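Report on one structure; see the data block that follows.
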Amino acid sequence: MTHEPDTDTNEPTGDDAPAVEQALPDGGAAGADDVALDPWGSSTVSDYRKLFEEFGIEQFDEVLDEVPDPHYLMRRGVIFGHRDYRAVAEAMRNDEPWAALSGFMPTGDPHIGHKMVFDEIIWHQQQGGDAYALIADLEAHSARGLTWDEIDEHTRDYILSLLALGFDPEAGDLYRQSTNREVQNLAFELGIEANFSEFQAIYGFDGETDVSHMESVVTQMADILYPQLDEPKPTVIPVGPDQDPHMRFARDLSTRMRFFKVTDAFASFELTDTERELVAIAYDHREEYAEDPDQPRCGEAGEWLADYETSATEARNGAVEKLDNAGKEPLRPRTRFLDRNATDEAFDALVEEIDGEKRRYEAHVDAFDLDHAAAEELARQVEVDHGGYGFIPPSSIYHRFMTGLTGGKMSSSIPASHISLLDDPEEGYDKVKAATTGGRETAEEQREKGGKADECPVYELYAYLLSGDDDEFAKEVYEECVGGDRLCGGCKEQAAELMEQFLEDHQAKREEWEAKLDELDFEFDSDRKRASGD
Ligand code: TRP
Ligand code: SF4
C-alpha cells in the first residue's frame, strides 16, 4: 500500500530544532522517529514540522490560552497540534454544546499509549462536553483481519480500562461500530459523497483493497460526525497524527454534505480564494481610482489591479479579466450563499430569511447587510430546519507518540517496548527498570554533563503519565536530570515504583468495574459467524 502525500518519511530531524520542541517549555519529552501519515502503517513521527507546514495542522500552543483549565498533556506540549480546536474551546468557555469523541481498534491489549487518549476523552467529559468512545471493531475485522472472538476479548479490556480511568458511562456514550445502526446509516450517506479515486489518493487503496476495508473508512467518517446527529456542535477528536488523513477527509465530507456554501464576493461573478484576496485589496484602494469612491466599478478596479505587484500573477490576471468583463458593474462587498445541495424549499426559505438588502440569482443569493459569521449561522439554521445535518467541520487534537521503552517506537508487537495496562504490576516495574535511558556512560560523566532527558523514554514516562497533574514534579525530574543531580539508577527505581503503583490501582479499579459490566448498555459478545477470513 502506498501512503498519503508524505512519502519521504525517514528524513533525519537535523539540528535545527523542530518547531514542536519549542512547545515544550518544561522540557516535555521530545518524540523521535519519522512520520508517515498512514492510519494502518507504523505510526511514529520524526518531523513534526512537516505536520504543520505540509498538512496544515496548527500548533497547540497557539490555542492553549483559550482553554479554561488545560490538561497536563496540553500544558506539557504532549498534545502538540490541532485543527480548529478554537471552536471547541470557545463552546467550552461559553457553556454551549460541544462534544469529544475518539475510537479504538481492539487489536491487542490496551497500553499506556491508549491511556493518553482515554484520559483525553475523560478530561473533555469532565470539562462538560458530551463524551463518546467507540470500539472500531469493523475496522479491526476488515483492515486487520481479527476474528470476532479476539475482537470481543480486546473490546472488553479497552472498555474496562476506559472506565477504570474515570469515564462516566452514564453521562457519556460507549458503542461499537458493528452494533450502531445510526452510525452505519450515516456511513452509507457519507459514502455517497466519497469515491474510489479519493480513497486511492488519500489512503493508497487499489484494486486489491477489500470493499469492507473501504467501508470501515466511511464508518470512521460517520463515527467522527456521530456526535452531531442530533444537532450540529463543535466536536473534538483526540487522536495521534497518523489519523490526520481521516480527519481531513471527515472535514471535507462534512462540508460536502452541506446545503449551502457561504463565501465572500464583490460582484456577481465567482472568484477563487486568491483572486478574492486581490480584489479585496483593490476594493480597499478604491479612493485611488474610482470616479465615485462610494460606487467603484469593476472595470476601474481591474485597471488598477493590473498594475498591482504580486507573486500571484496567475490569480491577479484571472481577477483582472473577470473585473474587466464585468465593466460597469459596481464593485461591492457582500456575503454569498451558494446553493450546493439544498432543496428548492430550503433555498426559498433562505432567501426569505435574509435580512436587509439581498439579490437572488439562479444558484446563489447575495446578502449585503450580513457578516460572514451571521451568514454561516443562518445557512446552518435553514439547513437544519429543512431536514439537513448542518455539520460543523470536526476539530482534532494530536498527541505525540511515546518512544518505546527499548528505544525506537512503542509497538504492541514488542512487549518490552510498551507497558500494557494489563501487565502484572511487577512486570511493569521490571520493564521500567530495563528501559533505555538518556543517561551518560558513567555516573561521573552524568554528574558533570547532566542526562539527556529529552531523549529519555523514562523521562517520557514521567511527563506523559507518572507525574499526573503535578507539573512541579515533572519539572523537578527534568531539571535534576539535565543538571546532573539525578542518576539513572535511582531515577528508574522511582519511575518503576510509580508504574507498579499505577498498575496496581488501575487493575483494582478494573476489577470493580468488571463486576458492574452487565449494567452497561453495551453488547460485549458479537454474535457473528466465522467467515473465510477468520
Ligand atoms: N482508525 C482508528 C484507529 O486506528 C480508530 C477509529 C475508528 C477512530 N473510528 C474513529 C478514531 C473515530 C477516532 C475517531 O485507531
Ligand atoms: Fe532518564 Fe532519569 Fe536518567 Fe535522566 S536520570 S536520563 S530522566 S533515566
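To the nearest 0.05, what FRET efficiency results for Asp527 and Phe196 with a Förster distance of 51 Å applied to their C-beta separation?
Numbers: r = 32 Å, r/R0 = 0.62.
It comes out at approximately 0.95.
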> Along the stretch 284-293, what does the Karplus equation 6.51 cos²θ - 1.76 cosθ + 1.60 (θ = phi - 60°) give for ³J(HN,Hα), rounded to whole Hz, x for Gly and Pro?
Replying inline: 4, 9, 4, 4, 6, 10, 7, 4, 10, x
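Once the other residues with Cβ under 9 Å from the Cβ of Ala496 are scored (Lys, Arg +1; Asp, Glu -1), what is the net sum?
-1
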>> I'd like the distance between the alpha-carbon centres of the stretch 369-415 and the stretch 106-163, rounded to an integer number of Å.
In response: 18 Å
> Which value in deg cm²/dmol, rounded to the nearest 500, describes the helix-derived mean residue ellipticity at 222 nm for the chain, given -39,500 (n - 2.57) per DSSP H run of n ≥ 4 and division by the residue count?
Replying inline: -13000 deg cm²/dmol
> Considering amide H positions built from the backbone, and no H for Pro or chain starts, which residues 5 or more places from Asp130, or on another chain, come under 5 Å of its amide H?
Replying inline: Trp98, Ala99, Ala100
> Of all the Cα-Cα pairs you can form in the stretch 260-385, what percent are over 17 Å apart?
Replying inline: 57 percent
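For Ile281 and Glu58, compute 0.36 nm times the residue count separating them, minus their Cα-Cα distance, and round to one decimal in nm.
Numbers: separation 223, 0.36 × 223 = 80.28 nm, distance 2.65 nm.
In short, 77.6 nm is gained.
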> Using the Cα atoms as the points, what is the convex hull volume per residue of the chain in Å³?
Replying inline: 179 Å³
> Suppose R0 equals 35 Å; then what is the FRET efficiency for Asp324 and Ala373 from their Cβ-Cβ distance, rounded to the nearest 0.05?
Replying inline: 0.60
> With no solvent and one point per C-alpha, what does the Debye sum give as log10 I(q)/I(0) for the stretch 386-534 at q = 0.13, 0.16, 0.21 Å⁻¹?
Replying inline: -0.74, -0.94, -1.27
> Can you give the net charge of the other residues whose Cβ lies under 12 Å from the Cβ of Val67, counting K and R as +1 and D and E as -1?
Replying inline: -3
> Using alpha-carbon pairs under 8 Å, 6+ residues apart, how would you state the relative contact order of the chain in percent?
Replying inline: 18 percent
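For Gly56, what is the net charge nearby, where nearby means another residue's Cβ is under 12 Å from its Cβ and Lys, Arg count +1, Asp, Glu -1?
-1
FYI, it's all coordinate maths here, none of it is from the lab. Please read these numbers as outputs of a predicted model, since none were measured by experiment. Virtual Cβ from ideal backbone geometry, glycine too; neighbours counted across all protein chains shown.
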